[in-house]
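I have placed the structure first, in the form of structure tokens, so that the comments after it can refer back to it.
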Amino acid sequence: MTFPTKSPLQRNPLRLPGQSLDDRIREVIERQINDRILFAGMMGMLTIFEWARWAFELKMNPLILTMAFIAIALAIIPGIVRTRKQIRAMRLGRDGERAVGQALEQLRRYGYRVFHDILGPNWNIDHLVIGPGGIFTVETKTLSKPLRGRAVIRYEKRSLTKGRFDISKHLDQARAQAAYVEAWLKDVTGQRHVVQPSLVFPGWSVDTCDADPQVWVMDPKELIKRVQARETQLSPEQIKSAASALSIEIRSTYVAA
């Protein structure tokens, strides 16, 4: 006889850095790779069985089944290759978020609250920092680096480029995240807070020339230095109010694995 049970946790835990990407990686593996491998394995077993029947002269020609297996395998392999590339890219992003999240944790000793992987309607905010210097959204972009030469992001006016590629859309994403948090805090706490959007590129150098001051673009170490150097913007009461409201919101939108 079984009895109803419930979780021993009184509150849902806060999310981890990169948790959304972890969830997506697991989903991709389960739905795209495992299913294909299972199907291919079943066809392989059938093929072996048919070859055995043929070897024992059971008047069964395995040629048709073998051709079907080869066709299916050829159809599945490209999908597996694409999925593996997708997983590698997501793992790179996840590891970058975790590295930045671990670096941001050191701000706690200076009176800051650090949150990770805040879920929005159709997106997530990688990190959010609340403390004496204000409120900061942190979007992590973990990009593969060239094997040789400097890895440089150029930030000029309202333009962001990586070599020949325009990646200015990341600036729009950072602004949108900060605007969303500002509106949400105003609605929940009744107070207007200016949220500083920031983009971090782990392992990359950022060259700035007449850069738009609205969005900070830098590596994680520089971001931490700038946050610490900022003049006091929030009182302890304001920090506590904003952090408490955010904690409640995060736990209410928590999705158990």
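The values are calculated or read from the model by the stated rules, or taken from the named source; none is laboratory data. If you're wondering where the values come from, they're calculated on a predicted model, not measured in any experiment. Here the Cβ is made from the backbone with ideal geometry for all residues, glycine too, and neighbour counts use every protein chain on show. Please note that ligands, DNA and RNA were not included when accessible areas were found on the heavy atoms of the full protein model with its side chains. Shrake-Rupley method; radii C 1.70, N 1.55, O 1.52, S 1.80 Å.
Once you reduce segment 13-37 and segment 103-144 to the center of their Cα atoms, the two points are 22 Å from each other.
Mean sequence separation of contacting Cα pairs (under 8 Å, at least six apart), scaled by the length of segment 101-243, corresponds to a relative contact order of 27 percent.
At an R0 of 30 angstrom, the distance between the Cβ atoms of residue 221 and residue 179 translates into a FRET efficiency of 0.70. For the residue pairs 157/240; 162/240; 145/221; 162/186, alpha carbon separations beyond 27 Å are given by 157/240; 162/240; 162/186. For the chain, the relative contact order works out to 20 percent when only alpha carbon pairs closer than 8 Å and six or more residues apart are counted.
Over the chain, with every protein chain in place, what whole percent of the accessible area is carbon and sulfur at 1.4 Å, could you tell me? After summing per-atom areas, the C and S share lands at 57 percent. The slack between residue 147 and residue 122, meaning 0.36 nm per residue of separation minus the straight C-alpha distance, is 5.6 nm.
Between residue 105 and residue 228, the contour length at 0.36 nm per residue exceeds the Cα-Cα span by 43.0 nm. Between the helical axis of 220-229 and the longest alpha-carbon principal axis of the chain there is an angle of about 20 degrees.
Would you please give the FRET efficiency between residue 235 and residue 187, computed as 1/(1 + (r/R0)^6) with r the Cβ-Cβ distance and R0 = 25 Å, to the nearest 0.05? With R0 = 25 Å, the Cβ-Cβ based efficiency is 0.75. Rounded to the nearest 20 debye, the dipole size of the chain about its Cα centre is 400 debye, using +1 on the Cβ of Lys and Arg and -1 on the Cβ of Asp and Glu. Rolling a 1.4 Å probe over the heavy atoms of the protein chains gives the chain an accessible area of 62 Å² per residue.
A straight chain from residue 68 to residue 95 at 0.36 nm per residue would run longer than the Cα-Cα distance by 5.7 nm. Counting heavy atoms of the protein chains alone, residue 35 has an accessible area of about 80 Å² for a 1.4 Å probe.
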